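Undergrad: Handing you this structure, nothing more for now.
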Amino acid sequence: MAAAGRGHTRWRLILPFLAVPVLLLGFLVIGVFMWALTDKDDPGARGASKARCTDALAFGGAVRPGGADVHDCTVQRGIDTAYSAVLRMPREDVRPWLRTTYPDAPGPRTGDGSCGALCLDVTHENGLPGSAEAHVVQVRVEYENAETALVRFSAFTM
């Protein structure tokens, strides 16, 4: 009978030491799951935010064309990064700017109706400059009148 009492006493001493690591591990696992399920610190969860227009254009390997008003520049970060910018510029300067910025890209498409007056899609495989951090650049051009073009510039990773 004395042997049973000693064994019981040993477990009373050992169980608290075993319970502490198990509880700590349990709290750690729960904490990791709670952290993973929250998006409070995820900038992509907040949607697009304002960005510097030079950064938006540079991400796609472009610079601000002379005579252009660049505005409404945004960035959205998450798994991928996406920049966008809106340019208002002389209509006659659009094609030369595209040709200078993306000399190895195919020429812009025209008149297919789904993208406005001009469309250009550029990737690393078909003419995106090495300085671009983006994987894809999309340019959509609408002619506002005989002199002015509205250019929507988008550069993003995939």
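Undergrad: Positive end of the charge dipole of the chain (Lys, Arg +1 and Asp, Glu -1 on Cβ, about the Cα centre): tell me which of V32, Q76, L150 has its Cα farthest that way.
TA: Going by the Cα projections, it comes out as V32.
Undergrad: Given charges of +1 on the Cβ of Lys and Arg and -1 on the Cβ of Asp and Glu, with all other atoms neutral, how large is the dipole of the chain about its Cα centre, in debye to the nearest 20?
TA: 1100
Undergrad: Still on this structure, please answer the following. Short version: ³J(HN,Hα) in whole Hz for each residue of the stretch 142-147, in order, from phi by Karplus 6.51 cos²θ - 1.76 cosθ + 1.60 (θ = phi - 60°), x for Gly and Pro, what are they?
TA: Result, ordered by residue: 10, 8, 6, 7, 5, 10 Hz.
Undergrad: Further question: GNM on the chain, C-alpha springs below 10 Å: top fluctuator among G26, G47, G66?
TA: Between G26, G47, G66, it is G26 that shows the largest mean-square fluctuation.
Undergrad: For every helix of n ≥ 4 consecutive DSSP H residues, a contribution of -39,500 (n - 2.57) applies; sum these over the chain, divide by its total residues, and give [θ] at 222 nm rounded to the nearest 500 deg cm²/dmol.
TA: Dividing the helical sum by the residues of the chain leaves -11000 deg cm²/dmol.
Undergrad: Moving on. To two decimal places, what compactness ratio does the chain give when its Cα radius of gyration is scaled by 2.2 N^0.38 Å?
TA: That ratio works out to 1.91.
Undergrad: Between F27 and M158, what is the FRET efficiency for a Förster distance of 35 Å, r being their Cβ-Cβ separation, to the nearest 0.05?
TA: That gives a FRET efficiency of 0.35.
Undergrad: Also, quick follow-up: Could you give the Stokes-Einstein D for the stretch 44-126 in µm² per second, using the C-alpha Kirkwood radius, 25 °C, 0.890 mPa s?
TA: Estimated diffusion coefficient is 175 µm²/s.
Undergrad: About the Cα centre, and with charges only on the beta carbon of Lys, Arg (+1) and Asp, Glu (-1), how big is the dipole of the stretch 76-158? Nearest 20 debye, please.
TA: Using only the charged Cβ atoms, the result is roughly 100 debye.
Undergrad: Tally the DSSP beta bridges in the stretch 49-158 and give the antiparallel ones as a percent, rounded to 5.
TA: In the stretch 49-158, approximately 100 percent of DSSP beta bridges are antiparallel ones.
Undergrad: Can you give me the distance in nm between label points at A146 and S114, each placed 7 Å from the Cα along the Cα-to-Cβ direction?
TA: Between A146 and S114, the simple spin-label model gives 3.3 nm.
Undergrad: Using the charge dipole of the chain (Lys, Arg: +1 at Cβ; Asp, Glu: -1 at Cβ; taken about the Cα centre), state which of L18, L118, P106 has its Cα farthest towards the positive end.
TA: L18
Undergrad: Please list 141-149, 67-75 highest first by mean number of surrounding beta-carbon atoms within 10 Å per residue.
TA: Per-residue Cβ counts within 10 Å, averaged per peptide and sorted highest first, yield 67-75, 141-149.
Readers should treat all values here as calculations from the given coordinates under stated rules, not as data from a laboratory. None of these values were measured; they are calculated from a predicted model. All Cβ positions, glycine included, derive from the backbone under ideal geometry; neighbour counts span all protein chains shown.
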